[in-house]
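Taking it in order: structure first as structure tokens, then the write-up.
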Amino acid sequence: INVNTVAKTAFVGYDSLEAKTKIVKYRKVSGKGKELYQIVLENTPFYAESGGQVGDSGELKMDSGELKVIDTKKENDLIIHFTESILPEMYGEVIALVNADRRKEITVHHSVTHLMQAALRQVLGNHVAQKGSLNNEEYLRFDFSHFAKVTDAEIAGVEKLVNEKIRQNIPVVIKEMKKDDAVTLEAMALFGEKYGDEVRVVSVGDWAKELCGGTHVSRSGQLGLVKLLSESSIGAGVRRVEALVGYDAY
């Protein structure tokens, strides 16, 4: 059901976890034996799943009640908020609130993947390239190209390097620029991601530099501690590591 018209959803969630907005459209969808509702907002602080980072959850508050957002995904240029119900009146001002504690945990796990890739390349060699990742509020999973099992000594070396960079409390600098300028800076692109002419370059000092649309900490020290849990093969020439960050790692 169309309530208002908008060509694309403005994402404001890098700077704020709360926004005043309004509903553009909504619909009911069915799948896997359950019914859900998809809601599109004019602007939103909710991060839509992409680049390995899972979608935000939280609340939409309106005069007629509150809706719990259980997931957020992207469809073309629209950010889709998933709820299990709708309200009797789906118009008027909406206060969109992201679950701040969950976003914080997701963010630290995502930021560590940038340090992880740089450490793996230093320990194993520059042939290492990201082949996929998952960053949620509980742990991170990082897939990468490598031709042999990663030894215990190599795993220890990667973990030591990442934790050294965390203790150095390096500033995380994010700049928006033309894609060609990012290539000139030798910023690494994420596997399977599509980029427009304007990109975000996330740099952790001189240590790690990647194109990334995800959310990040402002300094590496905020990551606390990293502990690698496992290393395994998931296919020919592709390995997977899993890790915990922060208090869980401790």
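The values are calculated or read from the model by the stated rules, or taken from the named source; none is laboratory data. Here the structure is a predicted model, which means the values were calculated and not measured. With ideal geometry, Cβ positions are generated from the backbone for all residues, glycine too; neighbour counts draw on all protein chains shown. Heads up: the accessible areas ignore ligands, DNA and RNA and are worked out on the full protein's heavy atoms, side chains in. Shrake-Rupley method; radii C 1.70, N 1.55, O 1.52, S 1.80 Å.
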As an exercise: evaluate SER85 against (1) open to solvent by less than 20 Å² (accessible area, probe 1.4 Å); (2) part of a loop (DSSP other than H, G, I, E, B); (3) among the small types (Gly, Ala, Ser) and give the number of the one condition it does not meet. (1)
Check off (1) open to solvent by 30 Å² or more (accessible area, probe 1.4 Å); (2) out of contact with any helix residue (DSSP H, G or I) (no Cβ under 7 Å at 6 or more places or on another chain) for THR72 and give me the number that stays unchecked. (1)
By residue number, the members of segment 22-69 that are crowded, with 21+ Cβ neighbours inside 10 Å and of a type in the set (Phe, Trp, Tyr) are PHE46, TYR47
Please name all residue pairs, on different chains or six or more residues apart, with Cβ atoms under 9 Å, provided the first residue is in segment 36-57 and is over 16 Å from THR21 (Cα atoms) and the second residue is open to solvent by less than 10 Å² (accessible area, probe 1.4 Å) and aromatic (Phe, Trp, Tyr). GLY52/PHE142; GLY55/PHE46; ASP56/PHE46; SER57/PHE46
Please tell me if GLU186 is outside any loop (DSSP other than H, G, I, E, B) and either without any contact (Cβ under 8 Å) to a residue 40 or more places away in the chain or under 23 Å from GLY132 (Cβ atoms) (or both). no
Taking LEU115, is it touching a residue at least 12 places away in the same chain (Cβ under 8 Å) and open to solvent by 30 Å² or more (accessible area, probe 1.4 Å)? no
Does segment 4-21 hold any residues that are at pLDDT below 95 and open to solvent by less than 80 Å² (accessible area, probe 1.4 Å), and which are they? ASN4, VAL6, THR9, ALA10
For segment 170-184, indicate whether the set of residues that are of a type in the set (Ser, Thr, Tyr), open to solvent by 60 Å² or more (accessible area, probe 1.4 Å), more than 18 Å from TYR47 (Cβ to Cβ) and out of contact with any Gly (no Cβ under 6 Å at 6 or more places or on another chain) is non-empty. yes
Out of GLU105, GLU138, sole residue that is of a type in the set (D, E, K, R) and buried (at least 17 other Cβ atoms within 10 Å of the Cβ): GLU105
Can you tell me which residues in segment 123-157 are among the acidic types (Asp, Glu) and without any contact (Cβ under 8 Å) to a residue 12 or more places away in the chain? ASP152
